[in-house]
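Written below as structure tokens is the structure these notes are about.
The values are calculated or read from the model by the stated rules, or taken from the named source; none is laboratory data. Computed from a predicted structure; not experimentally measured. Cβ: placed from backbone, ideal geometry, glycine included. Neighbour counts: every protein chain shown.
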Amino acid sequence: MGMIDWFQRGVGEMMVARPDAAKSQVVWKHPDPTVPMKSQLTVEADEQAVFFRDGKIVEILNAGRYTLDSSNLPFLSNLVDSFTGGNVFISEVFFVSTREFTGVKFGGRIGHVEDPKSGVPAETLVHGEFSFRVTDAEKLIVGLVGMGRADSHHVRSWLKEQVLKVIRDRVAELLVKNKWPLLDVTSGAYTEEIESDVLRGLSKHVDGYGLEIVRLGNFVVGIDEEDAENLKRLYTDAAYLRTVGGVGEYQKFAAGRAMMGAGEGMAKGGGEGGGAGGLLGGAGLGVGFGMAQMLVQDHRGGEILAPAAAGIVCGHCMANVAAGAFCSSCGKELKATEEAAAKASFCSKCGNPLSPDAAFCAGCGSKRDG
């Protein structure tokens, strides 16, 4: 039996369609470029069939069932192989999915981004999902996939790189322009704004390849855990400053925090290798006491050191506490201790409160005046 007779027997028997195992592929190339005339071509509702010959696009067929015959598909006459007597045409047939592909995961490092609220840089990360679809089958094949056997994971990998690149640029730009606090961004407060801006930015990178990023889904901008804790402390300090209403009061607060940091450092044995502890991170007890005092003006216009927290002395526990009905240290009534408090005084050297019967200062060891 000759080759021509074999082709004639095979007329109408061949089916050209994407197999079920390849349904998830963005682009699938039919393995045999030699197709008998009158073969049955099936194009599903969510795909297109693209015909190439000699590296050039010949035709694109949308969803439907077709009998591959030049009488009803005139473009096939340009593909006929004359060697077979007109019973076979030669073409590379690509099936391109046009549906939306969802759940494509991505993630990576954005980099150090300065928090506009505090001015402190933080290591920023992003992860999530996105969806995409093909808008131009010819551009995708010629510009990105190529004429070889298509591997759809290459399309997804390339898109992941584009998404991460644009998010990296856009998040940093949006933070600077809009002065969004980083912790607000990580909480999801600006998710819609970021998504809209990123999608606009992506279009110029993927449109030329016949692709569209449809939406971002479940994406999260996060920051390094240690940086996040640091920002929370700074935000808390800023909120306290607004509440107490003044730089002077904030200095008192900072002094208290410094004392706490110094105490934690001592409890850990001096900072354990220089690690961060509190706001000062093991800066030492001397720094803590130094910050725990503020410079104030004396009656001669000079600067002297005074206690960071001014108030009255409780007659029961001798603690220097804020004025009120009860002692914030021991809980006893302050009114009954007015006489003892009146007799209390402060060290002339360091300003530490002195009990009525104290001969020496507990803060600096100096002998009590008078």
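Conditions tested, residue by residue: (1) in contact with a Gly (Cβ under 7 Å, 6 or more places away or on another chain); (2) surrounded by 18 or more Cβ atoms within 10 Å (Cβ to Cβ); (3) at pLDDT 90 or above.
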site: TRP6; (1), (2), (3): no, no, no
site: VAL11; (1), (2), (3): no, no, no
site: VAL16; (1), (2), (3): no, yes, yes
site: PRO19; (1), (2), (3): no, no, yes
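Which is crowded, with 20+ Cβ neighbours inside 10 Å and at pLDDT 95 or above, of VAL134, VAL155, VAL163?
Just a single option satisfies the conditions, and that option is VAL134.
Please list, ordered by residue number, the helices (runs of 4 or more DSSP H) wholly in the stretch 95-210 having 2 or more residues that are free of Cβ contacts under 8 Å to residues at least 40 places away in the same chain and not assigned by TED's automatic domain parsing to the domain that holds ILE60. Give the derivation first.
On the way: elements: 137-140, 152-178, 182-186, 191-206.
Per the criteria, 152-178, 182-186, 191-206.
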